[in-house]
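Take a look at the structure below.
The values are calculated or read from the model by the stated rules, or taken from the named source; none is laboratory data. Just so it is clear, the structure is predicted and the values come from calculations on it, not from any experiment. In this analysis, Cβ positions are derived from the backbone assuming ideal geometry, glycine residues included, and neighbour counts consider all displayed protein chains. Accessible surface is based on the protein model in full, side chains and every heavy atom, while ligands, DNA and RNA are left aside. Shrake-Rupley method; radii C 1.70, N 1.55, O 1.52, S 1.80 Å.
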Amino acid sequence: MIAAPPPVALTATPAHVALAGAAVQSITVANPGRSVAVVETRPAGFALDLRGRPRIVVQRDRSIALSIAPGRFALAPGAWGTVLVAATIHRGARVGDHVGLVLFTTQPRGGAGVGVRMQVGVPVTVRVPGTVRRRVVFERIRLNKRMLELRFHNVGNVTATIGAHRFRVELRRSGRVLATLRVRRRELLPGARSVVGVRLPPRVRGRVRAIVDADDGAGGMLRRSLAVSRRPRDR
């Protein structure tokens, strides 16, 4: 059985736009639904919370402006269209990455029934030319019951990726490896902090040493170790 397309749907590609300075790029917006989609576009602020989850925030960075055209358009079922995103760099903009968001929001149709609104966001990174600084600091590692909490701080001026190639935690006792835990990579925007949680396996009891080994995505390694003790009643 082939599932019918949803009544309201919207896709946007690429999923992320990177602009080198004051530049223009197109985003393709498609309507795979079975009804006409009326779409409004607007810029917004973008952030990642401590756990790496994306958030729409108030746009506070006024040194970079994003303009979007058209601001409103309609797509028939199965149709697609092109939206242009342009960046303007104002005087005093700091060197490095500035991240914003382009929001595509469908407008509810009139008439009877419940109006459905869909929102799709495409992050836009604008890199202001100048000397690039890549540096991530491993601030802290601590044990919170069964969870190791790793705290990183991006003190550079461009977006960094922790664990782009390698991110693991080894649990050792008396030099013997008890477990190797693989950790998903994490992105950090310039100036941002991030907390990565690593759950200890239930089979590991007593006192062990946790050794964190991660790359910073720019050729450097971030290493830290901590002696931890997990009691049987910790859950």
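Applying a threshold of 6 Å to beta carbon distances and a minimum spacing of six or more residues, or different chains, the list of pairs starting in segment 69-80 at a residue that is under 23 Å from Ala23 (Cα atoms) and ending at one that is modelled with pLDDT of 95 or more and open to solvent by 60 Å² or more (accessible area, probe 1.4 Å) reads Ala69/Leu84; Arg72/Glu40. Checking the stated criteria, Thr41 turns out to be open to solvent by less than 50 Å² (accessible area, probe 1.4 Å), modelled with pLDDT of 90 or more and out of contact with any Pro (no Cβ under 6 Å at 6 or more places or on another chain). Tallying residues that are open to solvent by 90 Å² or more (accessible area, probe 1.4 Å) and without any contact (Cβ under 8 Å) to a residue 40 or more places away in the chain within segment 173-209 yields 9.
Considering the conditions (1) at pLDDT below 95; (2) more than 30 Å from Leu150 (Cα to Cα); (3) open to solvent by less than 60 Å² (accessible area, probe 1.4 Å), Gly52 is excluded by exactly one of them, (2). Residues that are over 18 Å from Gly52 (Cα atoms), over 21 Å from the mean Cα position of the chain (by Cα) and open to solvent by less than 80 Å² (accessible area, probe 1.4 Å) do not occur anywhere in segment 147-164. Of everything listed in (1) part of a strand (DSSP E or B); (2) buried (at least 16 other Cβ atoms within 10 Å of the Cβ), the single unmet condition for Arg140 is (2). Look at segment 125-147: where a residue is acidic (Asp, Glu), no partner that is modelled with pLDDT under 95 and open to solvent by less than 50 Å² (accessible area, probe 1.4 Å) sits 6+ places away or on another chain with Cβ atoms under 7 Å. Of the residues in segment 61-68, at least one is charged (D, E, K, R), in contact with a strand residue (DSSP E or B) (Cβ under 9 Å, 6 or more places away or on another chain), open to solvent by 30 Å² or more (accessible area, probe 1.4 Å) and in contact (Cβ under 8 Å) with a residue 24 or more places away in the chain.
Within the bounds of segment 95-108, is there any residue that is open to solvent by 40 Å² or more (accessible area, probe 1.4 Å), within 30 Å of Val196 (Cα to Cα), at pLDDT 95 or above and more than 20 Å from the chain's Cα centre (by Cα)? Show your work before the answer.
Restricting attention to segment 95-108, the residues satisfying the condition of being open to solvent by 40 Å² or more (accessible area, probe 1.4 Å) are 95, 107-108.
Still in the running and within 30 Å of Val196 (Cα to Cα): 95.
Of the ones still in play, those that are also at pLDDT 95 or above are 95.
Checking which are more than 20 Å from the chain's Cα centre (by Cα) leaves us with 95.
The answer is yes, given that some residue of segment 95-108 is open to solvent by 40 Å² or more (accessible area, probe 1.4 Å), within 30 Å of Val196 (Cα to Cα), at pLDDT 95 or above and more than 20 Å from the chain's Cα centre (by Cα).
Taking segment 15-69 as the region of interest, the strands (runs of 3 or more DSSP E) fully inside it that hold 1 or more residues being of a type in the set (A, V, I, L, M) and under 17 Å from Val158 (Cα atoms) are 17-20, 37-48, 64-69.
Taking the condition of being hydroxyl-bearing (Ser, Thr, Tyr) and within 17 Å of Arg142 (Cβ to Cβ), how many residues in segment 161-217 meet it? Before the answer, list the steps.
The first filter runs over segment 161-217 and keeps only residues hydroxyl-bearing (Ser, Thr, Tyr), leaving 161, 174, 180, 194.
Those still in the list that are within 17 Å of Arg142 (Cβ to Cβ) too: 194.
Result for segment 161-217: 1.
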